[in-house]
Amino acid sequence: MAQILLSFSIVIFAISLINFLTIRIPKRDEEVKKAVTVLAPMRNEAENVPEFISALSTQMGVKNLKFIVINDGSTDKTAQLLNTVIGSDSRFTVIDSPTQRSGWLGKVSALQSGFDVATSDYIITLDADVRLEPNAIMRAITQLERLKLDFISPYPRQIAQTFPEKLIQPLLHWSWMSTIILRLAEKFPRRSTAVANGQFFVVRKSALDAIDGFSTVSNQILDDIELARSLIAAGYKGVVTEGSGIASTRMYGSFDEIRQGYGKSLWKAFGGPLGSLVAITFLFLTGILPVLLILNGYLTGWFIYLYIAFSREISAIRSRGNPLYAFLHPLSSALLIYLIIYSWRKRGSIQWKGRTV
């Protein structure tokens with residue numbers, strides 16, 4: 001068993017290294033002449049409005065750039081702040097999302113409202129907690145055009161400040177960095193290898209038109225991955241790219257927010273009970289079992305632990321995270337196992353931004 005697990009950990013390390021060396025990075029500054037529209041759904045995002053709008057307003061290198069901000073039934077000061085911060089900037093349009101469509105989740109319904117009025121060549125979906133560098137949109141569109149793809153998802157740098165954040169957030173990047181060879185997924189797209197992050201998602205409008213906008217993910221909690229799968233199923237190609245140099249985000253600011261945020265989605269993240277069991281087994285084998293082997297005097301346990309930790313190191317360096325926390329992978333694994341179980345126990349009852357999901 002230990003030898004099999006050692007071989008498995010070497011494969012994880014090898015995939016991480018391959019992706020570290022070959023992942024697509026948006027880094028070319030070329031003027032974008034085609035029209036681009038950013039869709040930004042907002043629900044109770046008053047604390048994010050000033051910095052978010054400021055980052056959008058400083059975008060450069062895109063001749064025809066528009067922003068559609070969808071106020072999704074906010075009950076705080078989001079609407080007032082939007083009017084104040086945007087001022088007279090004609091690139092911005094603020095719309096109110098109509099009453100949530102029957103059977104649709106709120107955020108996806110808001111995105112569809114923005115899509116219905118967008119008329120550009122490219123659509124970008126952006127979360128309110130994402131902060132863009134001034135050349136972010138230009139580089140993302142340029143990368144999409146140069147790769148001749150239909151969608152890309154530049155993965156933002158995940159900022160972590162509290163200890164629980166530093167344990168959990170790096171696992172997001174590592175989860176696909178260590179399991180999917182991205183260049184193969186790009187060349188031979190399959191639903192099973194789709195990776196995407198709705199925090200920053202870039203897609204050709206013609207591709208979205210072909211799948212009727214966001215209707216295929218109307219009731220999906222993990223709408224970003226499911227949207228990528230819908231596009232792939234329709235014959236379109238895309239890939240996740242390393243966006244840590246052009247975008248950053250801090251998803252959660254406390255352990256309670258982490259628990260609620262992951263609680264609303266992890267039970268859906270792995271496709272069902274069997275998928276969740278596989279995920280828990282994977283985390284146990286790569287994070288906890290090596291420690292048990294070490295404690296029982298097995299030298300192989302050290303090699304397994306180090307290969308996994310170094311794969312985490314590679315992921316952290318590429319995503320501009322703190323590589324020291326890679327060596328706390330056993331703690332990270334235990335915490336994520338807890339969150340998966342918590343998500344299943346609380347499924348359908350988590351309150352997120354005033355809605356039950």
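What to note about this one:
- For region 231-251, taking the residues that are within 21 Å of Glu47 (Cα to Cα) and small (Gly, Ala, Ser), the one that is most open to solvent (accessible area, probe 1.4 Å) is identified as Ser248.
- Tally of residues being part of a loop (DSSP other than H, G, I, E, B), open to solvent by 50 Å² or more (accessible area, probe 1.4 Å) and either under 30 Å from Asn135 (Cβ atoms) or not small (Gly, Ala, Ser) (or both) across region 252-291: 1
- Pairs meeting the criteria (first residue in region 39-68 and over 11 Å from Ile86 (Cβ atoms), second residue open to solvent by 20 Å² or more (accessible area, probe 1.4 Å) and in a helix (DSSP H, G or I), beta carbons under 6 Å, at least 6 apart or on different chains) are Pro41/Lys107; Ala46/Leu81.
- Residue count for region 3-25, restricted to those that are more than 24 Å from Lys148 (Cβ to Cβ) and free of Cβ contacts under 8 Å to residues at least 40 places away in the same chain: 4.
- Hits in region 43-89 (condition: in a strand (DSSP E or B), at pLDDT below 95 and open to solvent by less than 40 Å² (accessible area, probe 1.4 Å)): Asn71
- On inspection, Tyr305 passes the criterion of being over 25 Å from Ile124 (Cα atoms), buried (at least 19 other Cβ atoms within 10 Å of the Cβ) and in contact (Cβ under 8 Å) with a residue 12 or more places away in the chain.
- In region 26-38, residue nearest to Ala247 (Cα to Cα) [restricted to those that are assigned to a strand (DSSP E or B) and in contact (Cβ under 8 Å) with a residue 60 or more places away in the chain]: Val38
- Being of a type in the set (Phe, Trp, Tyr) and either farther than 30 Å from Ile12 by Cβ or over 23 Å from the mean Cα position of the chain (by Cα) (or both) is a property that does not hold for Phe163.
- Single residue of region 197-215 satisfying the filter (within 15 Å of Ser120 (Cα to Cα) and small (Gly, Ala, Ser)) that is surrounded by the fewest Cβ atoms within 10 Å (Cβ to Cβ): Ser206
- Residue within region 87-99 that is touching a residue at least 60 places away in the same chain (Cβ under 8 Å) and either over 21 Å from Ala140 (Cβ atoms) or touching a strand residue (DSSP E or B) at 6+ places or on another chain (Cβ under 9 Å) (or both) present: no
- Meets criteria (aliphatic (A, V, I, L, M), touching a residue at least 12 places away in the same chain (Cβ under 8 Å), surrounded by fewer than 20 Cβ atoms within 10 Å (Cβ to Cβ) and in contact with a strand residue (DSSP E or B) (Cβ under 9 Å, 6 or more places away or on another chain)) for Ile159: yes
The values are calculated or read from the model by the stated rules, or taken from the named source; none is laboratory data. Remember, predicted model here, so these are calculated numbers, not experimental data. Positions of Cβ are generated from backbone atoms using ideal geometry, with glycine treated the same way; all protein chains shown enter the neighbour counts. The area values use the complete protein model at the heavy-atom level, side chains included, leaving out ligands, DNA and RNA. Shrake-Rupley method; radii C 1.70, N 1.55, O 1.52, S 1.80 Å.
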